[in-house]
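> Would you mind keeping the following structure in view while I ask a few things?
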Amino acid sequence: MDTAHPSFPILVALFVLLLGVTSSQPYEEFLQCLEFHDSNITSIVYTRANSSFSSLLESSIRNPRFDTSATPKPLLIFTPRQISHIESAIRCSRAHRIQIRVRSGGHDYEGLSYSTISPSLTFLVLDLRNLRAIQVDVPSKTAWAQAGATLGELYYAIAAESKKSSILAFPSGICPTVGLGGQISGGGWGTLLRKYGLAADNVLDATVIDAKGRILNRASMGEDLFWAIRGGGGNTFGIVIAWKIKLVPVPATVTACTVTRTLEQNATEIVHRWQYVVDKLPNDVFFMVVLNSVANPVQANATTIQASFNSLYLGGIEGLIPMMDAKFPDLGLRRENCVEMSWAKSILYFAGFPLNSPLESLLDRTISATGSAKFKGKSDYVKEPIPISGFEGIWEKLKEVGVQTGGLILASYGGKMSEIPESSIPFPHRAGNIYQVEEVAFWVEDGVEAADGYLNWLRGLYEYMTPYVSKNPREAYANYRDLDIGRNGGGGEGDYRRARSWGSSYYKNNFDRLVRVKTAVDPANFFRNEQSIPPLSSWR
Ligand code: FDA
């Protein structure tokens, strides 16, 4: 056969490809493709011409930093109602070279589930808001939950189903509007992490659609892919439709407490001491400290630093107070700092709802944890206590920005987190960590100049933290996505060697296994974004 000239079908294919790439309306061909597979499907597609496009896009933008006129927008939003819709979207996206960004709850710190850093990228948002069914099976202590459900919807369903018999819960995040799709794909920590580990540690099975459009479960996807989807990052290995999760027992009464101390009330010494205690407390205690600058309560027109100690104890107040008096007397915890409640209600407490809020508040998908504030977060892990002088430097940094605009959130580790091997799932930050740190900046001002000011401040704080946090690699939490630590190309084109630097921070020695799984299941890198795991072929 003469191979010097392309055959007719190849020429046609090239022409079609060219047409797809250069067409001014690529979505029209995409829509025709969808209609070809299912004639009713276009009713769940919102193009930019649709009057609901902007409100639909914005309804799950959880970081207003990526909701400006300059933010790159999707070509269309696709809201599947059944799995076959997703299969069609994958087929047609591949045929028409439209990149897919999957969105569950929309909390991605860098907005990658609905935007991109590349203004020229043609992409669609596949929004799972209509796929949020939850089935709780109390006798087997399991549940199937679709990825578009929020944590609040899941906690509410578990509480409603299990209150008559044993009280069950799920060890996942604190913010009720976070989506199960992104949360479990990156780990998912909350107030039960010292007792039961992460959300991703408690996944038993999953339904996933891969790049070929195959619908897989744990048995058919194999243990490598099942390992990778539990913490190896979203929008990388396929689209998770649903998770089967293990529910965990909690007592009918738990105790939530808040103690605040300013510098004038010995905050520096108490936070310093906290580090020596917190990872060794019984697994029934979770502790979080929020550090920020506040108006000084005793001096007009002055600021001070406040440390807010928030804890959750799996039991009643009578058991908690003597234990804390014995193990952490420096805090001076008193009954009046604490409230007894159900575990489901404690989620509302930690999310900042008023004490008398009904449990139904967990179902509200419209509330925003950050209001209209834009934000950026970064993360670290602390393995040796930070000295007093280190905290004094942090206070100086916090005083550089306005009241409540920048802070650190320290979350206690130890307990179950130290018992789970680093390679059990892709999330590697286990034994040896005293606590996790989130450095964060919030601002309400518009414009690039204001944003740059806060971003530079946060980067300065992160730089300052260097001697006090993990090294080689400097570890980071994948769910607190931070493009400062490295990224793929704007369209998500990965490069193994470049990705290794940020990949090691998120996944440590698990990074190479993630690359191997990606290479096996999605060698053409169909599912990608600015921080997805690249396949090995990308090296070439
Ligand atoms: P979103 O929909 O933006 O998805 C995040 C990433 O996962 C994107 O890359 C997306 O494409 C991908 N993805 C989404 N659905 C997918 C699916 N079905 N299949 C495959 N990929 C999918 N974390 C934590 O551990 N504990 C906590 O308490 C909190 N609290 C918190 C509060 C607030 C206000 C914010 C903004 C964030 C948090 N987080 C958190 C971080 C949170 O876990 C992280 O941002 C998650 O990725 C968010 O998941 P969503 O589905 O909401 O986001």
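The values are calculated or read from the model by the stated rules, or taken from the named source; none is laboratory data. Here the structure is a predicted model, which is why all the values come from computation and not from measurement. Here the Cβ positions follow ideal geometry from the backbone for every residue, glycine too, while neighbour counts run over all protein chains shown. Note: accessible area is taken over every heavy atom of the protein model, side chains too, but ligands, DNA and RNA are not part of it. Shrake-Rupley method; radii C 1.70, N 1.55, O 1.52, S 1.80 Å.
> Need one number: convex hull volume per residue for the range 427-473, Cα atoms only, in Å³.
On the way: hull volume 5.1 nm³, N = 47.
Given the Cα convex hull of the range 427-473, per-residue volume reads 109 Å³.
> Can you list the HN-Hα couplings for the range 524-531, worked out from phi with the Karplus curve (6.51, -1.76, 1.60; θ = phi - 60°), rounded to whole Hz and with x for Gly and Pro?
Ordered by residue, 3J(HN,Hα) equals 8, 6, 5, 8, 7, 7, 5, 9 Hz.
> Here's a follow-up. Taking amide H atoms as placed 1.01 Å from N in the peptide plane, list the residues 5 or more away in sequence, or in a different chain, whose amide H sits under 5 Å from that of Ala242.
Those qualifying (amide H under 5 Å, at least 5 residues apart or on another chain) are Ala147, Thr207.
> Please work out, to two decimal places, the log10 of the ratio I(q)/I(0) at q = 0.08 Å⁻¹ from a Debye calculation in which every Cα of the chain carries one identical scatterer.
The Cα Debye sum returns log10 ratios of -0.52.
> With every protein chain left in place and a probe of 1.4 Å, what is the accessible surface of Glu396, to the nearest 10 Å²?
Near enough 110 Å² of accessible area.
> Quick one: what are the phi-derived ³J(HN,Hα) couplings along the range 223-239, Karplus 6.51/-1.76/1.60 with θ = phi - 60°, whole Hz, x for glycine and proline?
Whole-Hz 3J(HN,Hα) from phi for the range 223-239: 5, 5, 5, 5, 5, 5, 6, 8, x, x, x, x, 6, 10, 9, x, 9.
> Could you give each residue of the range 441-454 its phi-based ³J(HN,Hα) in whole Hz, using Karplus coefficients 6.51, -1.76, 1.60 with θ = phi - 60°, and x for Gly or Pro?
10, 10, 8, 10, 4, 8, x, 5, 5, 4, 4, 4, x, 5
> Let me check something: with ligands and nucleic acids excluded, how do Lys508, Lys163 order by accessible area (1.4 Å probe), largest to smallest? Each step should come with its number before you reach the end.
Working: Lys508 40, Lys163 140 Å².
Descending order: Lys163, Lys508.
> Which whole-number value in Å² is the accessible area per residue of the chain, probe 1.4 Å? Please report the intermediate quantities before stating the final value.
Numbers: 21690 Å² over 540 residues.
Value returned for the chain: 40 Å² of accessible area per residue.
> Given the DSSP H assignment, sum -39500 (n - 2.57) over each helix run of at least 4 residues in the chain and divide by its residue total; what's the result at 222 nm in deg cm²/dmol, nearest 500? Please list the in-between numbers first.
Working: 16 runs with 170 residues, N = 540.
It comes out at -9500 deg cm²/dmol, rounded to the nearest 500.
> Using alpha carbons only, how many angstrom separate the centre of the range 121-196 from the centre of the range 331-365?
So the two Cα centres are separated by 18 Å.
> May I pose another question? With a 1.4 Å probe and every protein chain kept in, tell me what percent of the accessible surface of the chain is carbon plus sulfur.
Values: 11410 of 21690 Å².
Ligands and nucleic acids excluded, carbon and sulfur reach 53 percent.
> In Å and whole numbers, how far do the C-alpha atoms of the range 455-501 stretch along each principal axis, longest first?
33, 24, 17
> Between the alpha-carbon centers of the range 269-300 and the range 42-112, tell me the distance in whole angstrom.
Cα centres, the range 269-300 to the range 42-112: 40 Å.
> Identify unpaired cysteines across the chain, taking unpaired to mean no other cysteine Cβ lies under 4.7 Å from the residue's Cβ.
Cys175
> Also, I was wondering about something else. Starting from the amide H of Gly491, placed 1.01 Å from N in the peptide plane, find each other amide H under 5 Å away whose residue is 5 or more places distant or on another chain.
none
> Next up: Under 26 Å from the Cα of Lys141, which lysines turn up, not counting those fewer than eight places away in the same chain?
Lys163, Lys164, Lys195, Lys244, Lys246, Lys345, Lys416
> Based on the alpha carbon coordinates of the range 393-540, what radius of gyration and maximum Cα-Cα distance (Dmax) apply, in Å?
So, for the range 393-540, Rg and Dmax equal 17.4, 49 Å respectively.
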